1. Please name all residue pairs, on different chains or six or more residues apart, with Cβ atoms under 6 Å, provided the first residue is in segment A:74-98 and is within 14 Å of chain B (Cβ to nearest Cβ) and the second residue is assigned to a loop (DSSP other than H, G, I, E, B).
2. Across segment A:5-18, what is the number of residues that are out of contact with any Leu (no Cβ under 6 Å at 6 or more places or on another chain) and either under 27 Å from A:Asn87 (Cβ atoms) or not in a helix (DSSP H, G or I) (or both)?
3. Report yes if A:Ser71 is touching a residue at least 12 places away in the same chain (Cβ under 8 Å), more than 10 Å from chain B (Cβ to nearest Cβ) and in a helix (DSSP H, G or I), otherwise no.
4. Looking only at residues that are more than 10 Å from chain B (Cβ to nearest Cβ) and not hydrophobic (A, V, I, L, M, F, W, C) in segment A:2-18, which one is surrounded by the most Cβ atoms within 10 Å (Cβ to Cβ)?
5. Six or more apart or on different chains, Cβ atoms under 6 Å: show the pairs whose first residue is in segment A:22-37 and facing chain B (nearest Cβ under 10 Å) and touching a residue at least 60 places away in the same chain (Cβ under 8 Å) and whose second is part of a helix (DSSP H, G or I) and basic (Lys, Arg).
6. Hey, among B:Pro126, B:Pro118, B:Pro103, B:Pro99, which residue is modelled with pLDDT of 90 or more, in a loop (DSSP other than H, G, I, E, B) and either within 18 Å of the chain's Cα centre (by Cα) or in the same structural domain as B:Asp8 (by TED's automatic domain parsing) (or both)?
7. When segment B:141-158 is examined, which residues are found to be within 14 Å of another protein chain (Cβ to nearest Cβ) and over 15 Å from the mean Cα position of the chain (by Cα)?
8. Collect the residues in segment A:44-68 that are aliphatic (A, V, I, L, M) and in contact (Cβ under 8 Å) with a residue 24 or more places away in the chain, keeping them in residue-number order.
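The values are calculated or read from the model by the stated rules, or taken from the named source; none is laboratory data. Source: prediction; values computed, not measured. Cβ coordinates were reconstructed from backbone atoms using ideal geometry, including for glycine residues, and neighbour counts include every protein chain displayed.
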Amino acid sequence: MITEIPDLNKIKHIAADSKDFEYELIAILKEELPLEINQYYLHLKTQDFIKCAADVHKLKHKISILNMHMSYEFAIIYEDELKLGDNKSSLHFDKILNAMSTFISKI
Amino acid sequence: MDCIIIDDEALARAIVSNHCKKANLNLVAEFDNAIAAIKFLNQQPVDLIFLDIHMPDFTGFDLIQTLKNPPRIVLTTSDRNFAIEAFEYECIVDYLVKPVELPRFLKSVEKAKQVKHPVSSSSTKPLTEVNEVKTEKGTDLYVNIDRRLIKINFDSILIIEAKGDYILIKTESKNYTVHSTLKKIEEKLPDSKFLKIHRSFVINFHKIIDIEDNSVLIAKDVIPISRSNRPILMKQLNLL
């Protein structure tokens, strides 16, 4: 499965013509995303899949704002799998999270 | 219009807050959890709430059910296809998918302005995610999963387990994870079949295979019995 490359197009679109707002959103994203990812891995480690599902649900917003359409669809399926106690798709989700982390660390 | 934002995500709050300014709404406060918002709302009523549904511990729906006279509410969610539950509450005028875009936000505000203020809590009776339907052939339970109402026959249910904000309904053929609580589903189940034997478990006691000191075996699951519930369970059994 190909891992999508995140971009800032959606953030720019939401910020419209305001560069200040765009920077504000990026700053929040840089602060909030690592915390949400850590929380997800913490719950994954303890195999608390219901909490993992809630974490993935929350991360969907970040996936969406980084314009990763396919990854968003994948996250929907993965969230449902986790609710049923199944984490078989976690490896691909790792790749999505890595792509997002790498991207935000460079902006 | 005075409004507040309730969302545990700072990014989501920042976006809605920015849109509020553009919509000339008077944003009086922002909250990252529902409990703090309830305390505020008890002191200061508002006209409109932008409310995240999925928050840890206390969800958006929990908040709505807590408010005696909820104002107009616009839900925010990360679910693109979210809809079913939202419009079962009269106070909910719209829902917005995150990240919220300005044109859609403005439409939502217009919608909210056109809706009369909901006046009584009785008219905002929540939709439960679990609805009971009595049919001629018996009693079934309909559960809301992925925007579909799925019928589960009472007799097929083995165990219902609390899992945080969800319940896991184990039946003879399939398991279902539903956004609900044990308390809610307990109210929908017939007493003649179901019993809560532990704070996290409701069982169909007709499905018990055997009982040991402090546990019951149902199918392949060993379920703990709390000390206080054991006498109630024993009363239900046809003991020799």
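1. Cβ pairs passing all conditions: A:Tyr78/A:Ser89; A:Glu81/A:Ser89.
2. Of the residues in that region, 6 qualify.
3. yes
4. This residue is A:Pro6.
5. Short answer, once both residue conditions are applied: A:Leu33/A:Lys62.
6. Result: B:Pro99 is the single residue among B:Pro126, B:Pro118, B:Pro103, B:Pro99 that is modelled with pLDDT of 90 or more, in a loop (DSSP other than H, G, I, E, B) and either within 18 Å of the chain's Cα centre (by Cα) or in the same structural domain as B:Asp8 (by TED's automatic domain parsing) (or both).
7. B:Arg148, B:Ile150
8. Passing the criteria: A:Leu44, A:Ile50, A:Ala53, A:Val56, A:Leu59, A:Ile63, A:Ile65, A:Leu66, A:Met68.
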